[in-house]
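Notes follow the structure.
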């Protein structure tokens, strides 16, 4: 887990100040990331902020190659906009793993993108993942494991 930058830490502390004192003292896993990539970050951020996006999907192999921990129940992350400014904090409610070929329709709906269909989800994620497949060592996207994280926005300012 990467340490938070000063601006991210300040935003995290604003969130903690909204919690009851006992909750503020807990240890939290938190990191900061843009949604998707810089090209689509603000578009996805709008979906987080308006409550339409309650899920996100990543390839397991991307976590493994980057040596990043998998999302965990109760984990938090600060969602950054395309200028790397913190805009909201989400809390992980649950995770699931599916083969790319087996993603259920409710995942597409939870992602809140496009027309909410599985066809749109597949098209968007093929577009997003394809440039990285070689780097991640993924030869067959249909067989790749997808980590789906379901979350709620717990803070936005």
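Some values worked out for this structure:
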| item | result |
| --- | --- |
| Residue list for the range 94-119, restricted to those being in contact with a helix residue (DSSP H, G or I) (Cβ under 7 Å, 6 or more places away or on another chain) and free of Cβ contacts under 8 Å to residues at least 12 places away in the same chain | 114, 116 |
| Test set (1) closer than 30 Å to residue 7 by Cα; (2) surrounded by fewer than 16 Cβ atoms within 10 Å (Cβ to Cβ); (3) over 13 Å from the mean Cα position of the chain (by Cα) - residue 70 fails condition number | (3) |
| Leading residue by the ranking (nearest to residue 60 (Cα to Cα)) among those in the range 72-93 that are touching a residue at least 12 places away in the same chain (Cβ under 8 Å) and part of a loop (DSSP other than H, G, I, E, B) | 72 |
| The range 138-150: number of residues that are touching a helix residue (DSSP H, G or I) at 6+ places or on another chain (Cβ under 6 Å) and either part of a loop (DSSP other than H, G, I, E, B) or more than 24 Å from residue 75 (Cα to Cα) (or both) | 4 |
| Residue ID - nearest to residue 104 (Cα to Cα), chosen from residues in the range 122-136 that are in contact (Cβ under 8 Å) with a residue 24 or more places away in the chain and surrounded by 11 or more Cβ atoms within 10 Å (Cβ to Cβ) | 125 |
| Of all residues making up the range 1-25, the number that are within 18 Å of residue 80 (Cα to Cα), in contact with a helix residue (DSSP H, G or I) (Cβ under 9 Å, 6 or more places away or on another chain) and modelled with pLDDT of 95 or more | 1 |
| The range 12-37, residues that are surrounded by fewer than 13 Cβ atoms within 10 Å (Cβ to Cβ) and assigned to a loop (DSSP other than H, G, I, E, B) | 17, 18, 20, 25, 26, 27, 37 |
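The values are calculated or read from the model by the stated rules, or taken from the named source; none is laboratory data. Note that the structure is predicted; figures quoted are calculated from it, not measured. Note that we place each Cβ from the backbone using ideal geometry, even for glycine, and neighbour counts take in every protein chain shown.
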